[in-house]
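Visitor: Can you read through this structure? Questions will come right after.
The values are calculated or read from the model by the stated rules, or taken from the named source; none is laboratory data. Note that the coordinates shown come from a computational prediction; the quantities given were computed from them, not determined experimentally. Cβ placement follows ideal geometry from the backbone for every residue including glycine, while neighbour counts extend to all protein chains displayed.
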């Protein structure tokens, strides 16, 4: 049993511990995941990186574990901003469990217009990867919006419901990116419930997009796919107003990514083509900070290629444009693109590690609170460190910033 004393902070080491405790042989577990015995062994020993989220989700399912059992999230905060962001999650959780549409508290609440403005600011902060600012007071905001969503008359009630959708989408984003996938699902479901009461299919489609993202990160891909398919049918069945088109585009993108995770390449590209067509009709849009448009479709194309194991070639195509990241209007999306470029270059087996390091560093400088809480980023830094033929101050700096030990 001495070979189980690996660094318990690593995904592969955790996977190995769980596999052994489950009584699964390496061969059986590999068959369940859909990889070779040798490849799973290298993952467990940290000799291969988890560059694909689908692989991490598949391994968790094969071991009868959750994704966070493998990642060890949420991580201890390495800086004040991360600590403040994590501190907001318990208040959000209490608000979502303590308040509902059939049970709102008594007491004074702020005006709907003030609350709606606060929800919009929180969403803008989250889109700029300022999760600590976005989360401050978000639980109280959600509570007060429920009161108006239930008791306010006419137009005020609709404004409160729209703001509640936005606040819950922010809560889901923060919880998902900070490693609390369960809370992310709860918040996104509440956003869908508010959107249903609002009666706006476009907003409902964007709320469903938040749910598919949260469910997928949790590892519940089957449920995520059903939510996305149902929402797509709804938004595509009515008039083509711009918000509906944005929602349909985002749902096609997440459907493409889920298909890629399952290795269904043709289906992934069919959804991607549909999203590209819709982006050509909408142009660059940003309802609820979802950033749908041609630039984001290109960014998602890279993420999808990485899930298909085709990252390096797509990375070349993306970066062949001199302004490849300028069309993305938020720091969170630009940071995500550079992280995907790092993952893509990391798939080359070492030949492009300098590029991977450059894009990881860029992603951290653009959106640090997003990157530093991503288990795949931490795993990639470890892999790049192992492969580095000589000491690298760039890698040492990244390890310190992400809290990754050598």
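Let's see how each residue does on (1) farther than 28 Å from residue 173 by Cβ; (2) out of contact with any helix residue (DSSP H, G or I) (no Cβ under 8 Å at 6 or more places or on another chain); (3) assigned to a helix (DSSP H, G or I):
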{"position": "16", "(1), (2), (3)": "yes, no, yes"}
{"position": "35", "(1), (2), (3)": "yes, no, no"}
{"position": "46", "(1), (2), (3)": "yes, no, no"}
{"position": "68", "(1), (2), (3)": "no, no, yes"}
{"position": "74", "(1), (2), (3)": "no, no, no"}
{"position": "78", "(1), (2), (3)": "no, no, no"}
{"position": "88", "(1), (2), (3)": "no, no, yes"}
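Visitor: Considering 318, 227, 297, 235, which residue is touching a residue at least 40 places away in the same chain (Cβ under 8 Å) and assigned to a helix (DSSP H, G or I)?
Guide: Details: 318 fails: touching a residue at least 40 places away in the same chain (Cβ under 8 Å); 227 fails: touching a residue at least 40 places away in the same chain (Cβ under 8 Å); 235 fails: touching a residue at least 40 places away in the same chain (Cβ under 8 Å).
297 is the lone residue from the list that is touching a residue at least 40 places away in the same chain (Cβ under 8 Å) and assigned to a helix (DSSP H, G or I).
Visitor: Out of curiosity, is residue 165 surrounded by 24 or more Cβ atoms within 10 Å (Cβ to Cβ), in contact with a helix residue (DSSP H, G or I) (Cβ under 8 Å, 6 or more places away or on another chain) and not assigned by TED's automatic domain parsing to the domain that holds residue 260? So that I can check it myself, show each step before the final result.
Guide: Values: surrounded by 24 or more Cβ atoms within 10 Å (Cβ to Cβ): yes; in contact with a helix residue (DSSP H, G or I) (Cβ under 8 Å, 6 or more places away or on another chain): yes; not assigned by TED's automatic domain parsing to the domain that holds residue 260: yes.
Judged against the criteria, residue 165 is a match.
Visitor: A further question on this structure: When you check residue 214 against the structure, is it assigned to a helix (DSSP H, G or I), touching a residue at least 12 places away in the same chain (Cβ under 8 Å), within 30 Å of residue 60 (Cα to Cα) and more than 20 Å from the chain's Cα centre (by Cα), yes or no?
Guide: no
Visitor: Here's something else I'd like to know. If you take the residues of the stretch 229-262 that are within 11 Å of residue 205 (Cα to Cα) and under 15 Å from the mean Cα position of the chain (by Cα), which of them is surrounded by the fewest Cβ atoms within 10 Å (Cβ to Cβ)?
Guide: This residue is 251.
Visitor: What about residue 107, is it buried (at least 17 other Cβ atoms within 10 Å of the Cβ) and at pLDDT below 95? Give the steps one after another, and end with the answer.
Guide: On the way: buried (at least 17 other Cβ atoms within 10 Å of the Cβ): no; at pLDDT below 95: yes.
It is false that residue 107 is buried (at least 17 other Cβ atoms within 10 Å of the Cβ) and at pLDDT below 95.
Visitor: Further question: Going through the stretch 271-294 one residue at a time, which ones are out of contact with any helix residue (DSSP H, G or I) (no Cβ under 8 Å at 6 or more places or on another chain) and either over 24 Å from residue 173 (Cα atoms) or in a helix (DSSP H, G or I) (or both)? Working first, answer last.
Guide: Applying the first criterion (out of contact with any helix residue (DSSP H, G or I) (no Cβ under 8 Å at 6 or more places or on another chain)) to the stretch 271-294 yields 273, 277, 286.
Listed by number, the residues that qualify are 273, 277.
Visitor: Quick check on the stretch 244-253. Is at least one of its residues part of a helix (DSSP H, G or I), closer than 12 Å to residue 271 by Cα, in contact with a helix residue (DSSP H, G or I) (Cβ under 8 Å, 6 or more places away or on another chain) and free of Cβ contacts under 8 Å to residues at least 40 places away in the same chain? Let's see the steps before the verdict.
Guide: Let us first name the residues in the stretch 244-253 that are part of a helix (DSSP H, G or I), namely 244-253.
The next check asks that each one be closer than 12 Å to residue 271 by Cα; those that pass are 248-253.
Then drop every residue that is not in contact with a helix residue (DSSP H, G or I) (Cβ under 8 Å, 6 or more places away or on another chain), which leaves 248-253.
Cutting the leftovers down to free of Cβ contacts under 8 Å to residues at least 40 places away in the same chain gives us 252.
Checked against the condition, which is being part of a helix (DSSP H, G or I), closer than 12 Å to residue 271 by Cα, in contact with a helix residue (DSSP H, G or I) (Cβ under 8 Å, 6 or more places away or on another chain) and free of Cβ contacts under 8 Å to residues at least 40 places away in the same chain, the stretch 244-253 yields at least one hit.
Visitor: If you go through the stretch 100-131, how many residues are touching a residue at least 60 places away in the same chain (Cβ under 8 Å) and part of a helix (DSSP H, G or I)? Don't jump to the end; show me each part of the working.
Guide: Residues of the stretch 100-131 that are touching a residue at least 60 places away in the same chain (Cβ under 8 Å), as a first pass: 101, 123-124, 126-131.
Now drop any that are not part of a helix (DSSP H, G or I), which leaves 123-124, 126-127, 131.
Counting residues in the stretch 100-131 that are touching a residue at least 60 places away in the same chain (Cβ under 8 Å) and part of a helix (DSSP H, G or I) gives 5.
Visitor: Can you tell me which residue among 175, 134, 163 is within 13 Å of the chain's Cα centre (by Cα) and assigned to a helix (DSSP H, G or I)?
Guide: 175
Visitor: Collect the residues in the stretch 52-91 that are under 16 Å from the mean Cα position of the chain (by Cα) and free of Cβ contacts under 8 Å to residues at least 40 places away in the same chain, keeping them in residue-number order.
Guide: The one that is under 16 Å from the mean Cα position of the chain (by Cα) and free of Cβ contacts under 8 Å to residues at least 40 places away in the same chain: 55.
Visitor: For the stretch 84-95, how many residues meet the condition of being surrounded by fewer than 21 Cβ atoms within 10 Å (Cβ to Cβ) and under 15 Å from residue 144 (Cα atoms)?
Guide: Residues flagged as surrounded by fewer than 21 Cβ atoms within 10 Å (Cβ to Cβ) and under 15 Å from residue 144 (Cα atoms) within the stretch 84-95 amount to 3.
Visitor: Is it the case, given these coordinates, that residue 114 is more than 25 Å from residue 220 (Cα to Cα), outside the structural domain of residue 152 (by TED's automatic domain parsing) and either in contact with a helix residue (DSSP H, G or I) (Cβ under 6 Å, 6 or more places away or on another chain) or surrounded by fewer than 22 Cβ atoms within 10 Å (Cβ to Cβ) (or both)? Spell out the reasoning first.
Guide: Numbers: more than 25 Å from residue 220 (Cα to Cα): yes; outside the structural domain of residue 152 (by TED's automatic domain parsing): no; either in contact with a helix residue (DSSP H, G or I) (Cβ under 6 Å, 6 or more places away or on another chain) or surrounded by fewer than 22 Cβ atoms within 10 Å (Cβ to Cβ) (or both): yes.
In short, no.
Visitor: Of everything in the stretch 193-204 that's buried (at least 24 other Cβ atoms within 10 Å of the Cβ) and closer than 23 Å to residue 252 by Cβ, which residue is farthest from the chain's Cα centre (by Cα)? Walk me through it before giving the result.
Guide: So in the stretch 193-204, the residues buried (at least 24 other Cβ atoms within 10 Å of the Cβ) come out as 194-195, 203-204.
Restricting the remaining residues to those that are closer than 23 Å to residue 252 by Cβ gives 195, 203-204.
Details: 195: 21, 203: 19, 204: 19 Å.
Taking the candidates together, the pick is 195.
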